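Below is one structure; the comments refer to it alone.
The values are calculated or read from the model by the stated rules, or taken from the named source; none is laboratory data. Predicted, not measured: the structure shown is a model, and the values here were computed from it. Positions of Cβ are generated from backbone atoms using ideal geometry, with glycine treated the same way; all protein chains shown enter the neighbour counts. Accessible surface is based on the protein model in full, side chains and every heavy atom, while ligands, DNA and RNA are left aside. Shrake-Rupley method; radii C 1.70, N 1.55, O 1.52, S 1.80 Å.
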Amino acid sequence: MNKETVGLIEVFFASLLFGLLPIVVRFGGNLGPYNLSFFRVLVATICIFIFTIFFRKYSIKPLKFEKRKMILFGAIHGFIILGYFLAIQFLTIASAVLLLYSSSIWIVIFSYFILKEKISKRTIFALIIAFLGVIFIVSPQNLFLRESLIGSLAGLGAGIGMGLVYTLSKTFKKYDKVSLTFWQNLIAIPFVLPLLFIDFPKFSLFDTGIIILLGSVFTAIPFILIFSGFGKINAQKGSIIIMLDIVFSVIFAWIIFKEVPTFLAVVGGILIMVATYIITTNKQKKKTSMKL
């Protein structure tokens with residue numbers, strides 16, 4: 001099996017595990033989104049630290065540089081997790097996942113202001129498509145329902161936060177991806193710690209299992225697979241494969257919870273995925289032309 005094939009398999013399984021994450025969150029409904037947010041960040045931090053001990057080629061660089069920016073980086077990460085988990089609780093899994101992936105819109109916007117990247121006509125077209133997709137998912141009639149309003153705002157907030165975090169990650173020069181992932185989770189802990197006092201957890205053996213799985217198998221492991229896989233394959237291929245987690249989430253929610261996406265959600269999801277593909281391929285073309 002050649003190097004590229006191994007990389008594609010690693011990214012595929014990362015996508016599969018990320019696709020199962022909202023299913024696990026739904027099964028952990030007894031703990032609620034506040035407790036799940038805290039323990040997901042805590043367990044992920046521990047797992048990534050243990051991973052770097054066993055695999056020495058992945059080391060954690062000490063927090064010596066850009067500390068203020070790293071604190072902001074970690075704080076936003078914590079609120080992304082909370083927003084995403086709230087969206088999963090109040091919306092269908094398909095809508096929650098698709099709103100998170102509206103981050104492709106915000107990545108372009110934040111990259112324009114923070115990284116000073118130019119926005120091409122092709123990218124503007126993709127942004128219009130993505131905005132239409134969000135409008136289809138967050139249908140106006142649902143906003144009159146309190147739960148849908150909270151879920152929609154939380155999902156959009158998570159998408160915006162994800163776009164900002166991704167953009168900020170490209171500005172760190174002294175840290176590799178493993179170090180950034182470790183520090184963002186560790187720093188997020190004190191920011192999500194107060195959530196425990198909103199709905200103090202009462203653990204059962206099942207709940208404990210959910211927390212461990214959520215932070216390790218469905219968070220730390222897929223991140224590690226992405227780090228490893230993207231090092232072996234073309235970034236464009238990897239970016240397209242990782243988008244399969246949307247499809248996996250929708251399929252598993254359909255099978256397990258009988259959540260059939262509405263026609264508008266399906267249309268909105270397709271528009272967002274098409275827009276993300278256009279933006280991803282456009283960036284990859286720019287990088288290739290610069291190398292040439």
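Remark: C-alpha extents of the stretch 150-292 on the principal axes read 59, 45, 28 Å, sorted largest to smallest.
Mean separation of Cα pairs under 8 Å and 6 or more residues apart, divided by the residue count, gives the chain a relative contact order of 42 percent. Heavy-atom accessible area, probed at 1.4 angstrom with all protein chains present, ranks 10, 66 as 66, 10, highest first.
The ellipsoid equivalent to the alpha-carbon distribution of the stretch 219-273 has semi-axes of 27, 15, 6 angstrom, derived from the gyration tensor eigenvalues as √(5λ) and listed largest first. Structure note, pairs 61/121; 3/173; 174/202; 174/237: Cα-Cα distances above 32 angstrom occur for 61/121; 174/202. Spin-label model, residue 5/residue 255: points 7 Å from Cα along the beta carbon direction are separated by 2.5 nm.
First compute the accessible area of the chain with a 1.4 Å probe, then give the percent of it belonging to carbon and sulfur atoms. Of the solvent-accessible surface of the chain, carbon and sulfur hold 73 percent.
One quarter of the convex hull surface built on the alpha carbon atoms of the stretch 68-123 amounts to 4.8 nm², the projected area averaged over directions. Taking label positions 7 Å along the Cα-Cβ direction at both residue 128 and residue 65, the computed distance is 4.1 nm, reported to one decimal. Checking (1) 27, 25, 19; (2) 46, 30, 18; (3) 32, 28, 21 against semi-axes √(5λ) of the Cα gyration tensor in Å calculated from these atoms, the matching label is (1).
The helix-only estimate of mean residue ellipticity at 222 nm for the chain, built from DSSP H runs of length n ≥ 4 each weighted as -39500 (n - 2.57), is -25500 deg cm²/dmol after division by the residue total. Each of 88, 53, 76 has its accessible area taken with a 1.4 Å probe; listed largest first, they run 53, 76, 88.
Ranked from largest, the principal axis spans of the Cα set of the stretch 25-81 equal 38, 30, 11 Å.
Rounded to the nearest 20, the Cβ-based charge dipole of the stretch 1-92 about its Cα centre (Lys and Arg +1, Asp and Glu -1) stands at 440 debye.
Taking the Cα centre of the chain as origin and assigning +1 to Lys and Arg Cβ atoms and -1 to Asp and Glu Cβ atoms, the resulting dipole is close to 1440 debye. For the stretch 91-122 versus the stretch 1-62, the spacing of their alpha-carbon centroids is 22 Å.
Approximating the spin labels as points 7 Å out from Cα along Cα→Cβ, the residue 166-to-residue 262 distance works out to 2.5 nm.
Accessible area per residue for the chain, computed on protein heavy atoms with a 1.4 Å probe, is 50 Å². Our analysis of the stretch 1-112 gives Rg over Rh at 1.00, with the two radii drawn from alpha carbon positions and Rh computed by the Kirkwood formula. The ellipsoid equivalent to the alpha-carbon distribution of the stretch 1-57 has semi-axes of 28, 18, 6 angstrom, derived from the gyration tensor eigenvalues as √(5λ) and listed largest first. Counting only whole DSSP H helices of the chain, the ones at least 18 Å long by C-alpha along their axis and with mean Kyte-Doolittle hydropathy no lower than 1.6 are 32-54, 121-137, 244-257.
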